[in-house]
Amino acid sequence: MSKTLVFTEFGGPETQQLIDREVPVPEASQVVIEVKAAGVNPADWKIRAGQMGDHWKLPAPMGREASGIVTAVGSDVEDFAVGDEVLGLAAKGHGTFAEHTVLNGKQTVAKPEELSFANAAALPVAGGTAYDVTHQIELEIGQTMVILGAGGGVGLMAAQIGKVHQFNVIGVASASKQELVEATGATFVESGDGAADRVRGVASDGADLLIDLVGGQPLRDIASVAKDPSVIISTADPATAEELGGAGVERTNEGLEKITGVAEYGLVDPNVVQRFSLDEVQQAIAVVEEGHAAGKVIIEP
Ligand SMILES: NC(=O)c1ccc[n+]([C@@H]2O[C@H](COP(=O)([O-])OP(=O)(O)OC[C@H]3O[C@@H](n4cnc5c(N)ncnc54)[C@H](OP(=O)(O)O)[C@@H]3O)[C@@H](O)[C@H]2O)c1
């Protein structure tokens, strides 16, 4: 049997339950793993709250990303074998807050030896998104990338990617995250009222790329720092970004391979800052749901 977190109906945290399930069997293109670590993301609670549609079959397993050891592969899987260490995204209908889970073979990559399971588990969602959002508009050395929400899971990795490319990176976050943001090499600007003026104070020409990881009013308040509205790219609130003249992030499978490569060479640290056991998974989700997580929160079953 495999302990798995599910939510039983769309709603609040009280609908989450740890249950015992049979160890899953892979379909042709899938990979089953013993989970070593799983990353917690805002999408986990947003799906549970019904904010991302109501097409999930209930009870719905929770958790989108994980690293672990392959215990079974589907008949069409050629790249992985039992015993391999991998990281990837959960297959449809499966969740990673579990002792065993099923990954989509096409969204799974080998875990480099240099990467711990904990760091690897933070890459498929947050790392892949950080890669995609920093590459949707290609900047040149010295151009300015402003990140709203720079102290969270996606933001810290996006800032590090920007520094690898020698962009002028400005990270907007709350004062408690100043040290974390500055450790990426980015210039820190405090979020909240007046943030747009503070950004202009350190980058008078404005942003060549404005990455939004927060959405809503904070995005509206800072949008004017973009040199052109079309350079606003949002992971958090594509609707507001589009209304302002920008776009939502376009996710790619390439992003996972690329971010795994840069993390392997130590160029990006996923900043795992809090670890919980599977029995504590509800606390871990609550930390992310509160909306002010610093770096990545992971589960280690
Ligand atoms: N489309 C996709 O494929 C995709 C993939 C991954 C993530 N996302 C979305 O991208 C967003 C960021 O994800 P994440 O994993 O980085 O989340 P996270 O780790 O929870 O970080 C979010 C950050 O937003 C900041 N924040 C919250 N309220 C703010 C405000 N009013 N003003 C300024 N900053 C504020 C928080 O920092 P402070 O405490 O400093 O305020 C926090 O560090 C989420 O909405 C997530 O759902 C989308």
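The values are calculated or read from the model by the stated rules, or taken from the named source; none is laboratory data. Because the structure is predicted, anything quoted here is derived from the model rather than measured. Cβ coordinates were reconstructed from backbone atoms using ideal geometry, including for glycine residues, and neighbour counts include every protein chain displayed. Note: areas computed on protein heavy atoms with side chains; ligands, DNA, RNA excluded. Shrake-Rupley method; radii C 1.70, N 1.55, O 1.52, S 1.80 Å.
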Quiz item: Within a Cβ distance under 14 Å of residue 23, other residues only, what is the Lys/Arg minus Asp/Glu net charge?
Solution: -2
Quiz item: When the solvent-accessible surface of protein heavy atoms is calculated with a 1.4 angstrom probe, in what order do 182, 113 fall, highest first?
Solution: 113, 182
Quiz item: For labels at residue 76 and residue 14 in the simple 7 Å Cα→Cβ model, what's the distance in nm?
Solution: 4.3
Quiz item: Gap in Å between the Cα centre of the range 220-280 and the Cα centre of the range 125-177?
Solution: 7
Quiz prompt | Phi to ³J(HN,Hα) by Karplus 6.51 cos²θ - 1.76 cosθ + 1.60 over the range 240-245, Hz, x for Gly, Pro | solution = 5, 4, 5, 4, 7, x
Practice problem: Taking the Cα atoms of the range 29-112, report the difference between the largest and smallest coordinate on each principal axis, in whole Å and largest first. | Solution: 36, 23, 18
Quiz prompt | Compactness index (Cα Rg / 2.2 N^0.38 Å), the chain | solution = 0.98
Quiz item: Protein chains only, probe 1.4 Å: how do 64, 21, 251 rank by accessible area, largest first?
Solution: 251, 21, 64
Quiz prompt | Gaussian network model of the chain, Cα within-10 Å springs - most flexible of 201, 105, 149 | solution = 201
Quiz item: Expressed as a rounded percentage, what relative contact order does the range 127-248 have, with Cα pairs under 8 Å and six or more residues apart?
Solution: 22
Practice problem: Taking the Cα atoms of the range 127-248, report the difference between the largest and smallest coordinate on each principal axis, in whole Å and largest first. | Solution: 33, 29, 26
Practice problem: Give me the accessible area of residue 52, 1.4 Å probe, in Å² rounded to the nearest 10. | Solution: 80
Practice problem: Could you tell me which of 229, 201, 90 has its Cα farthest along the dipole of the chain towards the positive end, charges placed at Cβ (Lys, Arg +1; Asp, Glu -1), taken about the Cα centre? | Solution: 201
Quiz item: Per-residue HN-Hα couplings for the range 52-65, Karplus 6.51 cos²θ - 1.76 cosθ + 1.60 at θ = phi - 60°, whole Hz, x for Gly and Pro?
Solution: 10, x, 10, 8, 7, 7, 9, x, 9, x, 10, x, 10, 10
Self-check item: Nearest-ten-degree value, helix 153-164 long axis tilted from longest Cα axis of the chain
Solution: 60
